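The structure under discussion appears below in the form of structure tokens.
The values are calculated or read from the model by the stated rules, or taken from the named source; none is laboratory data. This structure is a prediction, so every number in the text was calculated from the model and none was measured. Virtual Cβ from ideal backbone geometry, glycine too; neighbours counted across all protein chains shown. Areas reflect the complete protein model, heavy atoms only, side chains present, ligands, DNA and RNA absent. Shrake-Rupley method; radii C 1.70, N 1.55, O 1.52, S 1.80 Å.
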Amino acid sequence: MKVLLTGGAGYIGSHTCVELINAGHTPVIADNYDNSCPEAVNRIEEITGKKVPVYEIDVCDRKAVDKMFSENDFEAVIHFAGLKAVGESCEIPLRYYQNNLDSTIVLLEAMQKHGVSNFVFSSSATVYGVPETVPLVEGMPTGCTNHKDLSVVLLRYFNPIGAHESGRIGEDPNGIPNNLMPYITQVAAGKLEQLGVFGNDYPTHDGTGVRDYIHVVDLAKAHVKALDYAAQHKGTEIFNIGTGTGYSVLDIVNTFMRVNDLEIPYVIKPRRSGDIAECYANPEKAEKILGWKAEKNLDDMCRDSWNWQSQNKNGYK
Ligand code: WQD
């Protein structure tokens, strides 16, 4: 299928672009490079040997999006172009609402106008807020009820880390990383002095926050499965994309140090606003219905994250 990837030059988008090409699909990228780099597209083409057309546009720009749809007979859209840092979303919530809602509405309008009905939305486990219990299941009431002929798959990502085994694409956040793993890899690369662990007084096995870390290539492959599912089903389906295992901050630090034989100095800091104690998936629905299951383990994630960072000290810059 010819698939539009908004935010396709970003961390998850670039890895999904590679897996879509591997599965025989034809991706087109739309990205304003707000949180990504054109070099990532060169690396995708290097890994796959395939040219990937890019529209350097903001997907909130109705005119530009409409022009792009009129120039391409898209059969599906995977929408990555959203803001997603939990801490930052607590500081500038209105910017997050504006960007994430406007971009989605503009895309859905263009899809309706041009007769595109398959939509994969990169959602987030953070929609669960403070969970009553863990592991989390998809039972929360949500969905796209007013766009009846649309096939929507909502993927609730847990915590994507890792990189393509080649080390040629990976996570390249602008500025100081919000997320744990890029912060760790930049400490390992000597770009940052030490890791601040945000709180060790949570009700978890070692007091630090527990999350469900998932290898970005496993997450990318989940999108290929979601695309196939959307093409064969109408309506809305929600899937948790996680491993089903929770690891604490110190579990990640200790695994990273062991796997890469590196020291990561850290200091305990106060809790970060917006953080929760524990969040990990029940991924059974994705396995049963999408036929998808995470294959890579935490050692793979820590090894591949460092392989990317050590080969690209300044990311794509
Ligand atoms: C993980 C743990 C922090 C940085 C992310 C995305 C969100 C969604 C879920 C996909 C927490 C601790 C972090 C640091 C630390 N994903 N930490 N020091 O907040 O779970 O959310 O994954 O869409 O959009 O933002 O991930 O990596 O920021 O934090 O101690 O310097 O690491 O407190 O326990 P989070 P994170």
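Miscellaneous remarks
- Ordering of 44-55, 158-169 by packing [mean C-beta count within 10 Å, highest first]: 158-169, 44-55
- One Cα centroid belongs to the range 191-220, the other to the range 15-44; the line between them spans 27 Å.
- Dipole axis of the range 219-317 (+1 Lys, Arg; -1 Asp, Glu on Cβ), positive-most option in 266, 227, 246: 227
- Cα gyration tensor category, rounded, prolate or oblate, for the range 12-123 with a/c compared to 1.5: oblate
- Among beta bridges from DSSP that stay inside the chain, the antiparallel ones total about 5%.
- Evaluated at q = 0.17, 0.18, 0.21 Å⁻¹: base-10 log I(q)/I(0), Debye formula over Cα of the range 53-94: -0.62, -0.67, -0.79
- Packing-based order for 13-19, 284-290, using average beta carbon neighbours within 10 Å, highest first: 13-19, 284-290
- Acute angle (nearest 10 degrees) that the helix 62-71 long axis makes with the longest principal axis of the chain, alpha-carbon atoms: 60 degrees
- For the chain, the longest principal axis of the alpha carbon atoms and the long axis of helix 93-113 meet at an angle near 30°.
- A 1.4 Å probe run over the chain, with the rest of the protein chains in place, finds 45 Å² accessible per residue.
- As a fraction of the 1.4 Å probe accessible area of the range 182-245, surface on carbon and sulfur atoms comes out at 44 percent.
- Ordering 94, 37, 108 by the projection of their Cα atoms onto the charge dipole of the range 1-133, which places +1 on the Cβ of Lys and Arg and -1 on the Cβ of Asp and Glu, puts 108 at the extreme positive end.
- Surface listing: 279, 90 arranged by accessible area from highest to lowest gives 90, 279, probe 1.4 Å.
- Most fluctuating residue given options 195, 101, 227, as computed from a GNM of the chain linking Cα atoms under 10 Å: 101
- Given +1 at the Cβ of Lys and Arg, -1 at the Cβ of Asp and Glu and no other charges, the dipole of the chain around its Cα centre is 300 debye to the nearest 20.
- Per-selection Kirkwood Rh - the range 170-240 (Cα, Å, 1 d.p.): 15.5 Å
- Cα-only Debye scattering, the chain: base-10 log of I(q)/I(0) at q = 0.06, 0.07 Å⁻¹: -0.19, -0.26
- When the C-alpha to C-alpha distance is required to be over 25 Å, the pairs from 84/191; 51/221; 234/296 that qualify are 234/296.
- Burial ranking of peptide ranges 63-76, 25-38 (average Cβ count within 10 Å, highest at the top): 25-38, 63-76
- Note on the range 28-96: with charges restricted to the Cβ of Lys and Arg (+1) and Asp and Glu (-1), its dipole about the Cα centre is near 80 debye.
- Solvent accessible area, Å² - residue 303, 1.4 Å probe, full protein context: 110 Å²
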